[in-house]
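K.L.:
Got a structure here, written out as structure tokens. Questions coming.
The values are calculated or read from the model by the stated rules, or taken from the named source; none is laboratory data. Note that the structure is a prediction, hence the values are computed from the model and not measured. Cβ: placed from backbone, ideal geometry, glycine included. Neighbour counts: every protein chain shown. Please note that ligands, DNA and RNA were not included when accessible areas were found on the heavy atoms of the full protein model with its side chains. Shrake-Rupley method; radii C 1.70, N 1.55, O 1.52, S 1.80 Å.
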Amino acid sequence: MSPFQTPSLLLFTYPESVVGRRLDWYLTLRRIPYVHCEVDNKMPRPVLERLGVHYRRIPVLAVGRDLYCDSRCIIQTMEDLYPKTQRLGADPKQRPFDAGIQKLLENWAFEGGVFMKTAMLISPDAKLVQDPSWLEDRYQLSGFRFSKEAMEQIRPDALAAARMHLDIVENMLLGDGREWISGGEEPGLADVHVGWPFDWMLRDPEKMGMKHAYPELLNEQKYPKMFAWIDRLNRFMEEKRKEQGELKMLSSDEAVKLIENSSLFEHEELDIVEWDPTGLKKGAEVDLFATDVPNGFQNRDTGELIGLTAGRVTVKAKTKDGIDVRIHYPRINIKIAPSTTGL
Ligand SMILES: N[C@@H](CCC(=O)N[C@@H](CS)C(=O)NCC(=O)O)C(=O)O
């Protein structure tokens with residue numbers, strides 16, 4: 001646990017970000033106070049650059065001068081370290097099997113194809129798809145052009161995959177009639193892990209939703225439990241948000257100032273494994289970059305290696321004003337390389 005008083009939490013996200021919304025759900029369910037700093041839905045993101053962060057995905061969470069990239073890294077860290085409210089998921093020391101299943105559900109949503117296949121179903125009439133600069137940005141990231149022609153080509157496969165994913169939720173995860181996938185009285189971690197891509201499918205067109213575009217598949221008669229679950233989840237979240245008060249929004253200047261004047265959240269000395277497959281040791285100068293997109297190497301964070309475990313890697317960096325920050329990445333889909341290799 002942090003030896004310090006917990007510094008403020010600041011979530012960098014944008015309204016259309018479905019993974020950002022997953023974080024809103026998580027923090028709200030845990031009743032953790034936090035604020036938003038809205039960034040653009042495409043690069044560049046000057047506020048993150050000012051903080052020394054080159055990671056190009058959203059969300060990023062700052063807890064004081066500890067900056068966390070990737071929702072999985074953020075949620076795991078908050079589960080393990082945020083001291084003030086009860087964790088949302090199963091404690092692996094007390095309920096290891098349940099904790100393992102929750103992890104697998106999270107991996108299913110990201111690595112099992114649910115996220116990618118849903119992205120391939122973005123509706124051709126979605127607002128962002130009409131914006132050439134957004135299309136170019138996503139081409140730079142993914143090597144895929146979200147053009148009408150390209151989307152048409154991949155659509156049958158993406159719909160077939162979505163149908164399999166919907167069947168798993170409808171007939172298996174919710175098949176016994178439970179209200180929440182996690183099985184409790186309120187939504188739990190399993191709902192946060194699985195809900196967000198399905199919520200995305202069912203959103204209104206102006207929120208990047210796709211229900212209107214695929215009425216044969218995204219149809220309440222076919223998936224009544226899934227539709228009811230997403231509706232329940234949204235109503236629950238709205239209720240909790242009302243109870244906890246409207247989210248405050250910080251400007252970029254306010255965000256940078258808040259972070260630069262904060263303490264660290266975690267201990268000064270971070271865990272570092274004695275042996276790691278990379279062969280890297282504490283103090284090495286390293287590059288961190290994403291391997292799940294073709295151009296991931298273009299956006300790298302470089303710094304002194306100060307934390308390394310099976311699940312997380314941390315480097316020391318500086319803000320543009322020269323203030324020390326720490327940047328944490330997950331290990332999944334991330335390459336850690338000595339920064340001199342220029343890989
Ligand atoms: N594995 C990442 C995935 C994050 C992700 O892909 N987020 C989308 C937004 S929902 C994104 O960053 N898209 C590209 C961008 O906004 O630059 C996580 O769990 O945070």
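K.L.:
Here are some residues: K103, K117. Which one is within 22 Å of the chain's Cα centre (by Cα), under 30 Å from P215 (Cα atoms), part of a helix (DSSP H, G or I) and of a type in the set (D, E, K, R)?
P.N.:
None of the other options fit; the residue is K117.
For (1) out of contact with any Cys (no Cβ under 7 Å at 6 or more places or on another chain); (2) over 18 Å from L23 (Cα atoms); (3) among the β-branched types (V, I, T); (4) open to solvent by less than 60 Å² (accessible area, probe 1.4 Å), each residue gets a yes or a no:
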position: R232; (1), (2), (3), (4): yes, no, no, yes
position: M237; (1), (2), (3), (4): yes, no, no, yes
position: E243; (1), (2), (3), (4): yes, no, no, no
position: E246; (1), (2), (3), (4): yes, no, no, no
position: S252; (1), (2), (3), (4): no, yes, no, yes
position: S263; (1), (2), (3), (4): yes, yes, no, yes
position: H267; (1), (2), (3), (4): yes, yes, no, no
position: V273; (1), (2), (3), (4): yes, yes, yes, yes
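K.L.:
Which of the following residues is assigned to a loop (DSSP other than H, G, I, E, B) and away from the ligand (no atom under 16 Å from the Cβ): P44, P83?
P.N.:
P83
K.L.:
Looking at L10, L29, L61, which is the one that is surrounded by 18 or more Cβ atoms within 10 Å (Cβ to Cβ), in contact (Cβ under 8 Å) with a residue 12 or more places away in the chain, more than 16 Å from the ligand (Cβ to nearest atom) and closer than 29 Å to E206 by Cα?
P.N.:
Every option except L29 fails the conditions.
K.L.:
Still on this structure, please answer the following. Report whether or not A109 is over 16 Å from the mean Cα position of the chain (by Cα) and of a type outside the set (K, R).
P.N.:
Against the criterion (over 16 Å from the mean Cα position of the chain (by Cα) and of a type outside the set (K, R)), A109 does not qualify.
K.L.:
Need the failing condition index for I74 against (1) of a type in the set (A, V, I, L, M, F, W, C); (2) assigned to a helix (DSSP H, G or I); (3) buried (at least 22 other Cβ atoms within 10 Å of the Cβ); (4) more than 14 Å from the chain's Cα centre (by Cα), just the number.
P.N.:
(4)
K.L.:
Just give me the residues in region 248-281 being of a type in the set (A, V, I, L, M, F, W, C) and within 23 Å of E49 (Cβ to Cβ), in sequence order.
P.N.:
Correct list: M249, L250, A255, V256, L258, I259, L264, F265.
K.L.:
Now for a separate question. Within region 93-116, count every residue that is more than 14 Å from the ligand (Cβ to nearest atom) and either of a type outside the set (S, T, N, Q) or at pLDDT below 95 (or both).
P.N.:
Final tally of qualifying residues: 9.
K.L.:
If I ask for residues that are over 29 Å from D131 (Cβ atoms) and in a loop (DSSP other than H, G, I, E, B), which ones from region 220-254 would you list?
P.N.:
E220, Q221, K222, Y223, G245
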